[in-house]
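Accompanying notes for the structure given below.
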Amino acid sequence: MRVSNKAVYDTVTQNLARTSDAMFRANQVVSTGKKINRLSDDPVGLVSVLGLRSSLEYIGQLERNITMGNSWLNMGETALTKVEDILSQAKALTIQMSSANVGEKERANSAEIAEGFLQQVLSLANTMVDGRYIFAGTNTDTAPFELETVNEDPDYRMVDYNGNGTEFSIEIAKDIHVGVGRDGESIFGSDDFAWADPNTGQGNIFKTLIDLKTALENNDVPSIQTTMGELDSQMDRIRGLIADTGSKLNRLDLKANIIQDLRLTYTDRKSELEDADITEAMMDLAAKELAYQAALNSSAKMMQMSLVDFI
């Protein structure tokens, strides 16, 4: 059967294109260091690689969450520890000022110490991390506590709470969250405000310190002794919160280790599917280049043949 020159040329062209494409693909593997550079290289493998990439991105977000959570919890623990220390100093003051050996003038002078305790606790209650308030619930961009004087009466003050009662939390796994910010009202005050008037408001740290100052100014020993008991219960509550914070920090550390192991596992698996053996890839490229060169030489000879060559 006679084979036309056109059929020969078409076959030669197709073979050259196929050999050229194989060399191009081999060159891509060497250049990128990846076995999978397009869907046709390995459809099943590419789906797995894309899934692993998505998992690694999610893990990266969890790692960022945990880093932020650690900062918030550490700062919260520091602030609460300082609050406990201030309450302890306030209790020592109440013990000293309850003594029969202390006079009215000394108690009045000590009122400024109680005021200092109040201002220090207020500052700690407005603690910030990276520009966000950690005791404001989820209203992290709003200063949670503000001390105000009612009707310009210095003996009649209130502490407004501008946060909310929802604990600020971070995600550490799918559908698993850990609270790292707190509802400041439940820590420093059980109502939106703390009145200096002993007949209103519920017991809380701000009210106790305001009442202590008032009692010292009024030389009211029984009220000073009352605040002593309140300070004890508040210190116990703060210690419990500090212990809870430590527990959360341990939980984040454990989760961070688990996530680190997952990252290594996913990265290794992704590398197995996607990364090329460079030595093997270079040998394959050299073989493809040799095949392409041979195809070029053979094609050039066939393209030069005509009927004249047989006369």
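The values are calculated or read from the model by the stated rules, or taken from the named source; none is laboratory data. Worth saying up front: this structure is predicted, and the values here are computed from it rather than measured. Positions of Cβ are backbone-derived with ideal geometry, glycine not excepted, and every protein chain shown enters the neighbour counts.
If you go through region 88-102 one residue at a time, how many are surrounded by fewer than 15 Cβ atoms within 10 Å (Cβ to Cβ) and assigned to a loop (DSSP other than H, G, I, E, B)?
So the answer is 3.
Examine region 173-185 for a residue that is modelled with pLDDT of 90 or more, among the basic types (Lys, Arg) and farther than 30 Å from Asp130 by Cα, and state whether such a residue exists.
Scanning region 173-185 turns up no residue that is modelled with pLDDT of 90 or more, among the basic types (Lys, Arg) and farther than 30 Å from Asp130 by Cα.
Give all pairs with beta carbons closer than 6 Å in which a residue from region 49-65 that is in a helix (DSSP H, G or I) meets a residue that is acidic (Asp, Glu) and crowded, with 16+ Cβ neighbours inside 10 Å; count only pairs at least 6 apart in sequence or on separate chains.
Once the first residue is in a helix (DSSP H, G or I) and sits in region 49-65, its partners that are acidic (Asp, Glu) and crowded, with 16+ Cβ neighbours inside 10 Å give Val49/Glu274.
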